[in-house]
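Q: There's a structure below that I have some questions on.
The values are calculated or read from the model by the stated rules, or taken from the named source; none is laboratory data. What you see is a predicted model, and the numbers here were worked out from it, not measured in a lab. Methodologically, a virtual Cβ is constructed for each residue, glycine included, from the backbone with ideal geometry; neighbour enumeration extends over all protein chains shown.
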Amino acid sequence: MTGLINAAPTEKPEEFRNVFVFLETRHGAIVKSSLEMIGIGKEIADKVGEKLVCLLVGDHLEPMAEEGARYGCDKVVGAESVDLEDFKTMPYAHYAAQFITEEKPNIFLIAATHNGRDLASRIAVKSRTGVTADCTVIDVDTKERILLANRPVYGESTLAEILCKNHRPQMATARPGVFKVPDQLDGKNCEMDIRKVNVDPSLIRKEIVGFRPKEGFDITSAGIIVSGGLGLGKKEGFTLLESLASELGGVVGASRPAVDVGWIERDHQVGQTGRAVRPKLYIAAGISGKAQHIVGMKQSDVIIAINSDPDAEIAKYSDYFINDDLYKAVPEFIEAIRKIKEKKKEMEVSA
Amino acid sequence: MTLEIVVMIKQVPDSQEVEIDPVTKTLNRMKARNVLNVADDNALEAALSIKDRVDAHITIVSMGPPMADEAILECMGKGADRGVLLTDRAFAGADTYPTGLALAAAITKLGKYDLIFAGEETSDSSTGHVGPGVAEFLGIEQITYTHSVEFEDGYVIGERELEDGVEIVRAKPPVVVTVLLGANIPRRQTLRKKIDAIRKGVETWTIQNLGIPAEWVGFKGSPTIVRSMKTIKEKERAAKMVRVEEIGGLVRELAGNGIINVEAEEK
Ligand SMILES: Cc1cc2nc3c(=O)[nH]c(=O)nc-3n(C[C@H](O)[C@H](O)[C@H](O)COP(=O)(O)OP(=O)(O)OC[C@H]3O[C@@H](n4cnc5c(N)ncnc54)[C@H](O)[C@@H]3O)c2cc1C
Ligand SMILES: Nc1ncnc2c1ncn2[C@@H]1O[C@H](COP(=O)(O)O)[C@@H](O)[C@H]1O
């Protein structure tokens, strides 16, 4: 426990070297967003000629350590115990902080998943340092070895560059889905230091008593998304969007209020508090285009907006703007696709 | 035995009305209306719904400018029993470390605490780091990102939303619980409670009340600094107007560009 103590500047910051990455694991594998951290961590480490050290906490860590090695870690350290099998904040933060004390990393990156954020701030307080949340751009000043942590603020309108000059490690969490998963290597040159530990019982104060897995639907992997918002006016609107999505071989997405009123399940939600998606085609029907929605879909290749309000904000984020009632436009869309498909079929038959 | 609950709330500029001062690169709070951070309202509701069932006493703690007492009074108007506002020049410009430190110092000073509620994040700094930071300063466990919280047989049971599912966690108090935005439907104030709240008033504490040095909090106590702010340039999009009668043409264009696939699928 840290106690009521300030974040005093770190005494010999020059002694801190290397880039640390926390590897979050689920069901025996490293989560994708942590692999992304290996990618950006390695990039930063290479720029300053340092090592990438990855940190595992859990049980049966060997396969995950090997996985980390294949993705490019120079060293994997880990604390292993049956008591660490489930994610529990206090013991996880304890071992992370212990490895920080031992290894003295200059930079420490964690994927900004819910568990990642749960942990990051506690590790930072334990180490009496700062942490920048949810970065989308991460770089390093190669001379001073200062982390340049950039995070979007004010409804994603502005990018703030945040520095932590006098404290070590310089910590950041990074937004999932922004950085690239690195290519796999043979992973032979990775140093391993996985230790069996005895967890102090006073650190075990919560118990995971159940888990309900998501029922397989993952909107982030869809190539085409047809999203609906409050403009649908009723739950049945999603049935219409479902037909369009199925004609296109895509899936249905939603704005947050459409989820909140219960028209569709939360795993369909796109945006700041939903999922960030980047499909080939994103169709937004009856969505106004508020910043919190836009941030989740603006990376899409092509965006079509359908909105009856000529001044809807969504227009300026769209490649094509259908300024009309979606109940007229969507059926027309479905019809148009069917017609083309019919024609193709006829041509194939006659050919 | 009365369950002692603390709810940490923050008054934030209404996210729909925020402007950024180009010189100081900070939020121009003068222009926007100030409101109770939405997730904190959900956190309060979670606390109140426990108080509906068991003997509990709720204290609101907030760090902010003097006018933040409005947000605290609003919470009391909904059923919180006591309000404490940490307000002092020394607190200004804090990042999450000293914010957590000041709040943890205040909670320690309150004496006994069983449950400490916070929102998942604030709309103005959106880090979600303050709740867990407080838990660390106090040396207690936390259950974050909950959409439901129950208190039964001396245990807190929280359902946490994770990327791959919902995790059900059980812990004994004291524990910090952070609540998702939209986790519940916050109740309204009642006239009666509102009047009581105004009569009771909000206690204001300065740095002196916390028993920690002034250099530990606020800007001076913050390990991070904002070096620069840049407007994010959006990809320019054409917003080409398409009338409903032209959708057929649009679909052919998309098919031609390989954006959509119109091969009749095998049935
Ligand atoms: C902290 C925070 C996080 C948030 N996270 C998210 C998030 O992750 N995702 C998200 O989406 N939102 C999020 N929001 C909410 C966001 O601010 C907006 O409120 C929301 O995106 C608006 O949803 P909407 O466009 O469906 O509804 P509205 O804003 O009500 O827009 C409805 C639109 O439909 C149009 N319309 C109405 N009828 C028709 C019709 N017949 N045909 C065509 N158009 C029609 C209207 O012109 C209007 O533009 C968040 C908010 C906060 C404060
Ligand atoms: N100044 C503050 N005063 C009281 N509570 C706060 C303050 N800042 C943050 N919090 C609490 O911590 C949560 C997370 O805030 P943040 O880390 O700023 O995203 C908020 O939802 C509040 O419950």
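Q: Could you run through the range B:100-131 and say how many residues are more than 8 Å from chain A (Cβ to nearest Cβ), out of contact with any Ser or Thr (no Cβ under 8 Å at 6 or more places or on another chain) and within 15 Å of ligand 1 (Cβ to nearest atom)?
A: Here the count works out to 1.
Q: Where in the range A:232-351 are there helices (runs of 4 or more DSSP H), lying fully within it, with 2 or more residues that are crowded, with 17+ Cβ neighbours inside 10 Å and within 10 Å of ligand 1 (Cβ to nearest atom)?
A: A:256-260, A:291-297, A:326-350
Q: Here are the criteria: (1) more than 11 Å from ligand 2 (Cβ to nearest atom); (2) within 11 Å of another protein chain (Cβ to nearest Cβ); (3) not in a strand (DSSP E or B). Tell me which single one B:I143 does not satisfy.
A: (3)
Q: Select, from A:A8, A:A29, the only residue that is out of contact with any strand residue (DSSP E or B) (no Cβ under 9 Å at 6 or more places or on another chain) and closer than 20 Å to A:S121 by Cβ.
A: A:A8
Q: Same structure, new question: B:R252: within 7 Å of chain A (Cβ to nearest Cβ), more than 30 Å from A:P13 (Cβ to Cβ) and out of contact with any Asp or Glu (no Cβ under 7 Å at 6 or more places or on another chain), yes or no?
A: yes
Q: Then there is this: Quick one: would you say A:A97 is in contact with a Pro (Cβ under 9 Å, 6 or more places away or on another chain), within 12 Å of another protein chain (Cβ to nearest Cβ) and over 22 Å from B:V166 (Cβ atoms)?
A: Answer is no for this residue.
Q: For residues that are buried (at least 24 other Cβ atoms within 10 Å of the Cβ), over 17 Å from the mean Cα position of the chain (by Cα) and either at the interface with chain B (Cβ under 10 Å from one of its Cβ atoms) or farther than 29 Å from A:Q98 by Cβ (or both), tally how many sit in the range A:163-178.
A: Total meeting the criteria: 3.
Q: Select from the range A:117-153 the residues that are among the basic types (K, R) and within 19 Å of the chain's Cα centre (by Cα) and write down the one among them that is farthest from the other protein chains (Cβ to nearest Cβ).
A: Here the residue is A:R151.
Q: Another question, then. Residues of the range B:129-144 being within 16 Å of the chain's Cα centre (by Cα) and either among the aliphatic types (A, V, I, L, M) or surrounded by fewer than 24 Cβ atoms within 10 Å (Cβ to Cβ) (or both), which ones?
A: Selection gives B:V130, B:V134, B:A135, B:I143.
Q: List every residue pair whose Cβ atoms lie under 8 Å apart, where the two residues are 6 or more positions apart in sequence or sit on different chains, the first residue falls within the range B:88-105 and is modelled with pLDDT under 95, and the second residue, located anywhere, is crowded, with 24+ Cβ neighbours inside 10 Å.
A: No pair meets every condition.
Q: Inspect all residues belonging to the range A:158-181 and state whether any of them is hydroxyl-bearing (S, T, Y), without any contact (Cβ under 8 Å) to a residue 24 or more places away in the chain and outside the structural domain of A:L119 (by TED's automatic domain parsing).
A: Looking for residues that are hydroxyl-bearing (S, T, Y), without any contact (Cβ under 8 Å) to a residue 24 or more places away in the chain and outside the structural domain of A:L119 (by TED's automatic domain parsing), one finds none in the range A:158-181, hence no.
Q: Just a yes or no: is a residue in the range A:247-266 within 16 Å of ligand 2 (Cβ to nearest atom), out of contact with any strand residue (DSSP E or B) (no Cβ under 8 Å at 6 or more places or on another chain) and at the interface with chain B (Cβ under 10 Å from one of its Cβ atoms)?
A: No.
Q: Out of A:K234, A:K290, A:K214, which single residue is outside the structural domain of A:R338 (by TED's automatic domain parsing) and in contact (Cβ under 8 Å) with a residue 12 or more places away in the chain?
A: Checking each option against the conditions leaves just A:K214.
Q: Quickly run through the range A:226-236 and pick out the residues that are out of contact with any helix residue (DSSP H, G or I) (no Cβ under 7 Å at 6 or more places or on another chain) and over 13 Å from A:R266 (Cα atoms).
A: Those that are out of contact with any helix residue (DSSP H, G or I) (no Cβ under 7 Å at 6 or more places or on another chain) and over 13 Å from A:R266 (Cα atoms): A:G233, A:K234, A:K235, A:E236.
Q: Run B:T178 past the list (1) hydroxyl-bearing (S, T, Y); (2) facing chain A (nearest Cβ under 7 Å); (3) within 9 Å of ligand 2 (Cβ to nearest atom) and report the number of the one that doesn't hold.
A: With (1) hydroxyl-bearing (S, T, Y); (2) facing chain A (nearest Cβ under 7 Å); (3) within 9 Å of ligand 2 (Cβ to nearest atom) applied to B:T178, the lone miss is (2).
Q: Related question: Would you call B:M1 modelled with pLDDT under 95 and more than 10 Å from ligand 2 (Cβ to nearest atom)?
A: Spelling it out, B:M1 is indeed modelled with pLDDT under 95 and more than 10 Å from ligand 2 (Cβ to nearest atom).
Q: How do the pairs read when you match residues in the range B:121-134 that are at negative phi and among the hydroxyl-bearing types (S, T, Y) with residues anywhere that are near ligand 2 (Cβ under 7 Å from one of its atoms) and part of a loop (DSSP other than H, G, I, E, B), using Cβ under 7 Å and keeping only pairs 6 or more apart or on different chains?
A: Qualifying pairs under 7 Å: B:T122/B:K10; B:T122/B:N37; B:S123/B:N37; B:T127/B:E121.
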